[in-house]
Amino acid sequence: MLIMMQGASGSGKTTVANSLAIEHDAVIYSTDELFVENGVYTFNPKVLGINHKKNLERTVEALKTGKNVIVDNTNTQCWECKPYVESALQYGHEVKFVRCEGRYQNIHFVPTDKVEQMRTRLEDLTVEKVMASRKPF
């Protein structure tokens with residue numbers, strides 16, 4: 001199974017993902033964790049694309065071996081999920097989407113205006129919508 005988390009920073013995604021990981025014996029992969037160095041989260045927009053690619057690659061490898069995977073990214077829009085969903089379908093995995101809408105203090109200190117922008121971008125995610133989506137650029 002592939003479970004795609006969705007929600008703005010501070011919405012409760014990681015808390016829910018941790019619970020789902022136990023329930024489904026799944027690994028959790030998050031692009032954010034690739035910004036942690038020596039236990040400290042340091043966001044660097046210059047490597048965001050590289051880290052998203054790394055997160056996808058390790059997800060695909062886990063799916064290939066039959067593992068259940070939870071992708072704990074914001075996934076606000078359908079096109080962001082597409083490479084993950086394509087891979088899950090290719091390797092015969094069921095796909096589920098879990099939206100979190102809490103309003104907790106975000107642990108990465110994302111500015112409030114950016115969090116609100118994420119909330120306004122949230123699209124309804126279904127396999128059909130994701131597979132029909134295209135990058136906006």
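The values are calculated or read from the model by the stated rules, or taken from the named source; none is laboratory data. Everything quoted here is computed from the prediction, not taken from an experiment. We place every Cβ from the backbone using ideal geometry, glycine too, and count neighbours over all the protein chains shown. Calculation scope for accessible area: heavy atoms of the full protein, side chains included, ligands and nucleic acids excluded. Shrake-Rupley method; radii C 1.70, N 1.55, O 1.52, S 1.80 Å.
Brief remarks follow.
- By accessible area, using a 1.4 Å probe on protein heavy atoms only, the chain has 53% of its surface on carbon and sulfur.
- Difference of contour (0.36 nm per residue) and Cα-Cα distance, LEU89 to ASN38: 14.8 nm
- Accessible-area rank, largest first, for MET4, MET118: MET118, MET4, with all protein chains present and a 1.4 angstrom probe.
- If both residues of a DSSP beta bridge must be in the chain, then about 15% of such bridges are antiparallel.
- Gyration tensor verdict on the chain (Cα atoms; rounded if a/c is under 1.5, prolate if a/b is larger than b/c, oblate otherwise): rounded
- C-alpha long axis of helix 13-24 to longest principal axis of the chain, angle in °: 30 degrees
- Ranking LYS82, LYS135 from most to least accessible surface, computed with a 1.4 Å probe over the protein chains only, gives LYS135, LYS82.
- When the surface is traced with a 1.4 Å probe over the full set of protein chains, TYR41 keeps roughly 60 Å² accessible.
- Here r is the Cβ-Cβ distance between LYS54 and GLN105 and R0 is 22 Å; the resulting FRET efficiency, rounded to 0.05, is 0.20.
- Per-pair calculated FRET efficiency, R0 = 22 Å: GLU23 and THR126 via Cβ, rounded to 0.05: 0.50
- Relative contact order (%) - criterion: Cα under 8 Å, at least six apart; region: the chain: 42 percent
- Placing +1 on the Cβ of every Lys and Arg and -1 on the Cβ of every Asp and Glu, with nothing else charged, gives the chain a dipole about its Cα centre of roughly 320 debye.
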